[in-house]
Amino acid sequence: MKNNSIIDVVDVDFYYGTFQALTDITMNFEKNEVTALIGPSGCGKSTLLRLLNRMNDLIDGSRLVGQVIFEDRNIYAADVDPVEVRRRIGMVFQKPNPFPKSIFDNITYGPKLHGVRKKRDLEDLVEASLRQAVLWEEVKDILNRSAMTLSGGQQQRLCIARALAMKPDVVLMDEPTSALDPISTAKIEELIDELKENYTIIIVTHNMQQAARVSGKTGFFYLGRLIEFNSTEKIFTNPDEKQTEDYITGRFG
Amino acid sequence: MNLKWRYLKQNLFLGTATMCVLAIMVSLGGILFYIVENGYQAVNWEFLSSPPRDSMTKGGIFPAILGTLYLTMGAILVALPLGIASAVYLTEYARQGKLIRAIRLGVNCLAGIPSVVFGLFGLGFLVVFLQFGSCILSGALTLGFLILPTIIGASEEAMKAVPQTFREASLALGVSKWRTISRIVLPNAMPGILTGSILGIGRAAGETAPIMFTAAAFFTAKLPSSIFDEVMALPYHIYVLATAGTRIEETRPLQFGTVLVLVALVLGIDLIAIVIRSRMRKRKRW
């Protein structure tokens, strides 16, 4: 099990200024697995997600102690370029955030800046990415229309397609369905299930049913600590920790 | 009773606000009407296309129109890149802290400095120290410095208005910070930046004090052939005709005609900027 892991978080403490958001986190994420991070608001699960592709770098005064190993390298080592890390580890945000450009340009934005130039290649990439995000059939005739005209659920799948167009190894999802209606949510969940064939997915969610439905492993966070990290089935049927049980049965949080 | 009182209050405030708007409209309309009424007779093709004659009591203002156009364009050319670059640094790169607050305060102070101070600075630094002499370059630089704070402020506001989620989305795709700024932030901020620039253009075209020591000639029929030539300029021409000429009363129609042309010119430049902006807005929407 260990040798199948793609990201290893080792003894990580994380600070915003003087506030310690994460304490002593050690966990590993397996390849081609969906891992869910759950816990009450402010427990640090989103912080953990965002430090996996160094998005927390953008926050002044944030500081990490420990190591995050991705493919045998500590992504916090001095010689690592965060831009390269983010190319390999994509991200989908809570609120759909397409660029105010056409659907086509949204997908090609990243690849173009990384040297994909030929029109044919770009077109293929757009189709492949949209197919993977199960959006192709809905938008194939309106690729030049502004992404802002799509519905929220379609926008979110477009954002997923945009992330996939960079051919990342890992896709991080920060509460990707919390701004969506139940039907769109169901579509995204189906999509996640298909994506794990080719990608490693780490998803933060407030929705415990969602974690139970889509993930193979689940980590429960509370007050900046990883309380329990187990197979999803175990977490939701027979957790080792009392706190986990209290949380998933709705006794607090 | 209580409800009636609320309606009364509501109408009272609505009335006051409407009156304020009306007062502004009336005074603006009054000024414009006064200028047009006194100036339109002086404006004809000869007035627009020929240089002044007979100690500037007759003839046209073509050199001044051209001079003001050059100076205004030059000021924009100087201030827009500098202002946008400064705003990019202040909003996107600089760590928000005491130093940045001090710089911002300085920029705001710069905006409040009387224009004659800029004129004197231009004279001392550009004309004399750097030995540019009184010319388009000195005048355009001085005007550029004058409108720089306006453009920095407008650009900063426009860039702050670009949703943070756009930056995050771009960075999360493994796009570098500079490219995120140049491909996402700036294009989306451009309409706002142009709005601010419109204010700057109007100011640059209309100022007299900054150019009277640095660029404007009392009279020259010769059109400038390089940026190191002196030019006539509309605001200074008006000033000269209205105060320093020998026949102030006699040239009154010319003065109003020149004012009318200056106002029309500023409106024209604004209009171009507005058209560009609305086109950009149509493309960019969120």
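Quick rundown of the values:
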| read-out | value |
| --- | --- |
| Built amide H within the under 5 Å cut-off of residue A:102, gap 5+ | A:147 |
| Calculated from backbone phi, Karplus (6.51, -1.76, 1.60) coupling profile of region B:86-91 in Hz, x at Gly/Pro | 4, 5, 4, 4, 5, 8 |
| Helix-only CD estimate at 222 nm, as mean residue ellipticity for the protein assembly as shown, using -39500 (n - 2.57) per DSSP H run (n ≥ 4) | -16500 deg cm²/dmol |
| In sequence order, calculated HN-Hα J values of region B:196-209 (Karplus, 6.51, -1.76, 1.60; Hz; x Gly/Pro) | x, 5, 4, 4, x, 4, x, 5, 4, 5, x, 6, 9, 4 |
| Stretch gain in nm, segment residue A:127-residue A:18, where the contour uses 0.36 nm per residue and the Cα spacing is subtracted | 34.6 nm |
| Peptide-level mean, for B:173-186, of C-beta atoms on other protein chains within 10 Å | 5 |
| For residue A:21, distant residues with modelled amide H under 5 Å away | A:14, A:15, A:16 |
| Binned Cα-Cα distance frequencies in region B:61-283 - 5 Å width, integer % | 1, 7, 13, 16, 16, 14, 11, 8, 5, 4, 2, 1, 0, 0 |
| Neighbour-count ranking [beta-carbon atoms within 10 angstrom, fewest first] of B:190, B:232, B:25 | B:25, B:190, B:232 |
| Gaussian network model of chain B, springs between alpha carbon atoms under 10 Å - residue of B:198, B:103, B:152 with greatest fluctuation | B:103 |
| Region B:61-283: relative contact order as a whole-number percent, Cα under 8 Å and 6+ apart | 30 |
| For chain A, alpha-carbon Rg and Dmax in angstrom | 18.2, 56 |
| Of the GluC sites (Glu not before Pro) in region A:177-223, those whose Cβ has at most 15 other Cβ within 10 Å and which sit in DSSP loop | A:197 |
| At most 13 other Cβ within 10 Å, DSSP loop - trypsin sites (Lys or Arg not before Pro), region B:202-277 | B:222, B:247 |
| From phi via Karplus (6.51, -1.76, 1.60), per-residue ³J(HN,Hα) for region B:68-75 in Hz, x at Gly/Pro | 5, 4, 4, 4, 5, 4, x, 4 |
| Filtered trypsin sites (Lys or Arg not before Pro), region A:69-145: DSSP coil and at most 10 other beta carbons within 10 Å | A:117, A:118 |
| Exposure proxy ranking, count of Cβ atoms within 10 Å, fewest first, for B:249, A:138, B:46 | B:249, B:46, A:138 |
| Nonlocal amide H pairs with residue A:222, under 5 Å, H built at 1.01 Å | A:227 |
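Here, each number is a calculation from the coordinates, and none is a lab measurement. Computed from a predicted model, the values in this text were never measured in an experiment. Neighbour counts are summed over all protein chains in view; Cβ atoms, including those assigned to glycine, are modelled from backbone coordinates with ideal geometry.
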